[in-house]
1. Pairs of Cα atoms under 8 Å, at least six residues apart: use those to get the relative contact order of the chain, whole percent.
2. Give, in nm to one decimal, the length gained when the segment between residue 87 and residue 60 is fully stretched (0.36 nm per residue of separation minus the Cα-Cα distance).
3. Taking the chain as a Gaussian network, where each spring joins two C-alpha atoms under 10 Å apart, which residue of 75, 85, 25 fluctuates the most?
4. Over 26 Å between C-alpha atoms is what I'm after, so list which of 66/145; 58/141; 2/153; 2/66; 2/145 land there.
5. Apply 1/(1 + (r/R0)^6) to the Cβ-Cβ distance of residue 24 and residue 164, taking R0 = 30 Å, and write down the FRET efficiency to the nearest 0.05.
6. Using the Cβ atoms and a cut-off under 13 Å, what net charge is assigned to the surroundings of residue 98, where Lys and Arg are +1 and Asp and Glu are -1?
7. Expressed in nm², what is the orientationally averaged projection area of the convex hull enclosing the Cα positions of the range 86-168?
8. Please state, rounded to one decimal and in Å, the Kirkwood hydrodynamic radius that the chain gives when every pair of distinct Cα atoms enters the mean of 1/r.
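The numbers here are math on the coordinates, done by the rules we state, and not lab data. Just so it is clear, the model here is predicted, and its values are computed rather than measured. Cβ: placed from backbone, ideal geometry, glycine included. Neighbour counts: every protein chain shown.
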Amino acid sequence: MKVTMDIELKDEPGQLILALEPVSRNKANLISVFHYHKTNAAKTGGGKVQVQLVLDAKNSVINKIKEDMEQTGIRILRIGEEKYRETITVIMIGHVVNTDIRDTVSRIDETGIAEVTDMSLSMPEINEPTSAAITINAIGKTELKKVVALLKKIAEEKELLLVLPIELE
């Protein structure tokens with residue numbers, strides 16, 4: 001089972017290693033760690049910093065990791081099963097901004113089976129074509145195919161070039 005675990009650490013050297021020891025000891029698969037120390041938004045106050053871990057392990061292993069962390073004084077803020085399991089990044093080229101990128105993102109998010117999780121825009125000059133790299137997470141492979149079909153429709157409506165990963169073309 002893939003889960004996201006938000007934890008709070010003391011803003012001191014060595015705390016991230018301390019938090020990862022129970023993950024290693026219990027043989028969970030660590031998928032990602034988000035620990036951006038320099039951002040004020042990541043600080044929770046009182047000399048603490050928030051970290052997000054994404055783990056893949058059985059429920060019993062996740063519970064043991066939670067217990068081990070709490071015994072070392074690490075505060076667990078949230079644990080939740082990951083809803084979205086499939087990820088792709090697509091490129092849209094054309095007048096991406098002028099054709100309302102917000103509408104494109106909303107139409108994907110409103111499906112309820114996928115959501116836009118990251119986007120990078122390139123806007124070389126005003127009134128010139130732009131491009132966007134859009135990362136989308138979907139519940140599963142079938143749902144991802146439905147979202148790709150929606151993206152193709154949106155690209156056609158807005159006269160944008162859609163570049164898909166090879167395995168989805």
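1. Here the relative contact order equals 23 percent.
2. Between residue 87 and residue 60, full extension yields an extra 7.1 nm.
3. 25
4. Correct reply: 66/145; 2/153.
5. Rounded to the nearest 0.05, the efficiency is 0.25.
6. Summing Lys/Arg as +1 and Asp/Glu as -1 gives -3.
7. 4.8 nm²
8. Taking every pair of different Cα atoms in the chain, averaging 1/r and inverting gives 18.3 Å.
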